[in-house]
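To start, the structure under review is shown below, and the notes come after it.
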Amino acid sequence: MLSLDMVKDSKDYSLESLITKMKDISNEWHPAVAKGDQGAGRTLEKLLGVEENNISLPDYGSIEIKSKIADKDDLSKGLISLFTKEPLNSTPNASVPNLIKAMGWRHEKAGTKYSNSEQAFNATINMVTSTNRGFEIDVTEDKIYIKFNPKKVVSTDPDRSKGKYYKTLGDWLNDIETRTNPHYSDIMPLYYNKPDIENQFVKKLNKTFFCLCRKKKVNDILHYQFFEGYILFELDENKISEMLKKGLYIDFGSRTKHNHGTKLRIVKENLFKMFTKVEKVL
């Protein structure tokens, strides 16, 4: 069995070496090396000898590593992070820290773990519907816009953020309308250049290893078991373009003192559809 303590600093990043390592790793339970939604991925990368990184290149030689916790009822549930990329804007105010200042809400641990003024900004935005806070995605021929429409804020919805600073989203909207340093109109909309995103797909994901895993606690310590794997070859540019019109999720998750990065995410079904070749190897 391959354990975290036995991983060697090997320069063999071939598909054959990856499959061999995965067969050694699979069906054993391995202690998590990180918490949260990145726990499984970071544990798998550690087992494979991949250092933690946020670079725009594949993880394992020419192969990108992706994993997902398998839902026992529906393997299509949950989102897979493709890569992290900050959106753009034509003004210097449009940084994530300023986005938090303009539109954030009280962090759940403000006044305890963090300062009393700590704010959070978390939003998962899809390409079909607006969120109840009025965020939406608009795709043109050459841009992917992240927009805010105050008229689409569901003002009567309760504030379900963990900080629960506001009674309703209408209270949140009233608050951000009064902020001037900066105001959200100085920041929104944000955008990506569509060709940049398409190029990033090809650059990072053209050959991807995708693994399913399970999780459980052993002696109160979270463990993962990696049990099924696929190699995905040759991205279809037409499928990428189609997915960018309706299948992409943009995920913000940051607080005042730490930007976790803006993630571009997708469901498993759409990930597989983007490749011309899918082969089960585990």
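The values are calculated or read from the model by the stated rules, or taken from the named source; none is laboratory data. Just so it is clear, the model here is predicted, and its values are computed rather than measured. Here the Cβ is made from the backbone with ideal geometry for all residues, glycine too, and neighbour counts use every protein chain on show.
Can you name the residue in the stretch 154-183 that is within 17 Å of R106 (Cβ to Cβ) and β-branched (V, I, T) and is also surrounded by the most Cβ atoms within 10 Å (Cβ to Cβ) among such residues?
Ranking the qualifying residues of the stretch 154-183, first place goes to I176.
How about the stretch 91-152: which strands (runs of 3 or more DSSP E) wholly inside it have at least 1 residues that are small (G, A, S) and closer than 16 Å to R255 by Cβ?
Details: elements: 119-125, 135-139, 143-148.
Result: 119-125.
Suppose the filter is in a loop (DSSP other than H, G, I, E, B), small (G, A, S), out of contact with any Phe, Trp or Tyr (no Cβ under 7 Å at 6 or more places or on another chain) and under 14 Å from D251 (Cα atoms); does S155 pass it? It would help to see each step written out before you state the result.
Details: in a loop (DSSP other than H, G, I, E, B): yes; small (G, A, S): yes; out of contact with any Phe, Trp or Tyr (no Cβ under 7 Å at 6 or more places or on another chain): yes; under 14 Å from D251 (Cα atoms): no.
Against the criterion (in a loop (DSSP other than H, G, I, E, B), small (G, A, S), out of contact with any Phe, Trp or Tyr (no Cβ under 7 Å at 6 or more places or on another chain) and under 14 Å from D251 (Cα atoms)), S155 does not qualify.
Name the single residue that is nearest to I250 (Cα to Cα) among those in the stretch 158-210 being small (G, A, S) and without any contact (Cβ under 8 Å) to a residue 24 or more places away in the chain.
Step one: of the stretch 158-210, the residues small (G, A, S) are 161, 163, 170, 185.
The next check asks that each one be without any contact (Cβ under 8 Å) to a residue 24 or more places away in the chain; those that pass are 170, 185.
Details: G170: 23, S185: 20 Å.
The extreme case among them is S185.
So which pairs qualify, if the first residue must be in the stretch 28-40 and modelled with pLDDT of 90 or more and small (G, A, S), the second must be part of a helix (DSSP H, G or I) and crowded, with 16+ Cβ neighbours inside 10 Å, the Cβ gap must be under 7 Å, and the two must be at least 6 apart or on different chains?
A32/G39; A32/T43
One line per residue, one yes/no per condition, for (1) in contact with a helix residue (DSSP H, G or I) (Cβ under 7 Å, 6 or more places away or on another chain); (2) surrounded by 13 or more Cβ atoms within 10 Å (Cβ to Cβ):
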| site | (1), (2) |
| --- | --- |
| P195 | no, no |
| F201 | yes, yes |
| L205 | no, yes |
| C211 | yes, yes |
| R214 | no, yes |
| F226 | yes, yes |
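Among the residues of the stretch 118-153, write down those that are of a type in the set (K, R) and buried (at least 21 other Cβ atoms within 10 Å of the Cβ). Working first, answer last.
Residues of the stretch 118-153 of a type in the set (K, R): 133, 143, 147, 151-152.
The answer is R133, and nothing else.
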